[in-house]
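First the structure, in the form of C-alpha cells, and then the observations on it.
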C-alpha cells in the first residue's frame, strides 16, 4: 500500500460493526454464538467491514513464553477467512484496554509480543486486513506514555508489515478531545486515526452498571437543535485536526446501550453515523451482539430499527 492509498483504505472500511469481543468462541469453539453465516449476513446488510475485538490475554491466546497459542490463532484465522471471503475489510483490534490501563509497564513486554506474533502471522494477508494497536488507552497508560508505547509497537509491526494500514487513536479512551495529545510519526503515512464517541454518556450508557449509571434510565435523545449541534461541534473539531495533520479518521465505536428507548437510540445512532459520513470518516458500530446489539443472535434476526438507522438504504 502506498502512502497515498490510506484515505482510499479508510473509504473501503466505510460502514463497519464490532464483532466477537465477548463471544465464548475464543475459549471454546463449540460454544460460539457467531458463526460463518453471520459474516455473510453482515455483508448482505450493507456493511463494508468488521472490527474484530481481540483479547489474547483474557482468552489464553498468548503463553508464558509470549507465543500466541495454536488454538487461539486457529479461531483468529477462521474469523479473518470468513470476513475476507465475504468481502469485508478486517480490522484486528487489540482490545485489552483494561489490563493495559491498570498496569501498562507490567504488561508492556506481552503487549509488544502480541504485535510481534500477529505481525509475523498475518504478514501475507491481503491489504484488507488492518491492524489496530490498542483500543482505548486509559488510566495509567497516559497520553504521554501511550505515545511511547504505540511507536514501539508500530516499529515492530513495520518490520513484517511495512505497508499495512494501521489504526491508532488518542489516549483517554480514544477521546475525541484528546487528538491534540497524539503524536504520530510524520514519515509513516499509512496510519488511520481512530476516535470513539458516546456523548452524552448519560444517554448512551444509561442503565450501564460499569460506568456507574445503573439506576439512571429514562433519558431521551430527541434530536433537538441543541443536541445535534453538540455532536456537530465535536466532530468539526476532530475534522479540523485531521485536515491539519492530513490523516483519515475512523469512528471506531459509537452507539447507545439497550436500556435507552428505541426511538431515541434510532435518532441518535442515525445522526452520529450520518455526521461521520458527511466528513468522509469510516465508522464501526458498537456492536453486533452481546450488548448495544444490532443483531439478536438468540432469536436469529436483525434488530431492524438499529440496522435501518445505521444503513438506511436497507429495509
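The values are calculated or read from the model by the stated rules, or taken from the named source; none is laboratory data. This is a predicted model, so every value here is computed, not measured. When we count neighbours, we look across all protein chains shown, and the Cβ atoms used for this are built from the backbone with ideal geometry, even at glycine.
The table that follows gives values for the structure above.
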read-out	value
Residue 39 being crowded, with 20+ Cβ neighbours inside 10 Å, farther than 18 Å from residue 122 by Cα and touching a helix residue (DSSP H, G or I) at 6+ places or on another chain (Cβ under 8 Å)	yes
All positions within region 232-258 that are surrounded by fewer than 18 Cβ atoms within 10 Å (Cβ to Cβ) and farther than 25 Å from residue 191 by Cβ	232, 233, 258
Sole exception among (1) more than 14 Å from residue 287 (Cβ to Cβ); (2) in a loop (DSSP other than H, G, I, E, B) for residue 43, by number	(2)
Residue within region 174-182 that is on the phi < 0 side of the Ramachandran plot, part of a strand (DSSP E or B), surrounded by fewer than 21 Cβ atoms within 10 Å (Cβ to Cβ) and modelled with pLDDT of 95 or more present	yes
Neighbours by Cβ (under 6 Å, 6+ apart or cross-chain): first from region 112-129, more than 21 Å from residue 85 (Cα to Cα); second at pLDDT 95 or above and not in a helix (DSSP H, G or I)	113/66; 114/56; 117/68
Residues being out of contact with any strand residue (DSSP E or B) (no Cβ under 6 Å at 6 or more places or on another chain), over 19 Å from residue 169 (Cα atoms) and not in a helix (DSSP H, G or I) - total across region 249-289	6
Search result, residues across region 201-231 that are touching a helix residue (DSSP H, G or I) at 6+ places or on another chain (Cβ under 8 Å), surrounded by fewer than 18 Cβ atoms within 10 Å (Cβ to Cβ), modelled with pLDDT of 95 or more and outside any helix (DSSP H, G or I)	220, 222, 223
The one condition in (1) closer than 22 Å to residue 300 by Cβ; (2) crowded, with 17+ Cβ neighbours inside 10 Å; (3) out of contact with any helix residue (DSSP H, G or I) (no Cβ under 9 Å at 6 or more places or on another chain) that residue 17 fails to fulfil	(3)
Residue pairs meeting the criteria (Cβ under 7 Å; at least 6 apart or on separate chains; first on the phi > 0 side of the Ramachandran plot and at pLDDT 95 or above, in region 1-28; second crowded, with 17+ Cβ neighbours inside 10 Å and assigned to a loop (DSSP other than H, G, I, E, B))	14/48; 20/34
Lone unmet requirement of (1) over 19 Å from the mean Cα position of the chain (by Cα); (2) over 22 Å from residue 142 (Cβ atoms); (3) part of a helix (DSSP H, G or I) for residue 66	(3)
Near pairs, Cβ below 9 angstrom, 6+ apart or cross-chain, from region 290-315 (in a strand (DSSP E or B)) to any residue that is surrounded by fewer than 12 Cβ atoms within 10 Å (Cβ to Cβ)	295/301
Residue in region 237-250 that is in contact with a helix residue (DSSP H, G or I) (Cβ under 7 Å, 6 or more places away or on another chain) and without any contact (Cβ under 8 Å) to a residue 60 or more places away in the chain present	no
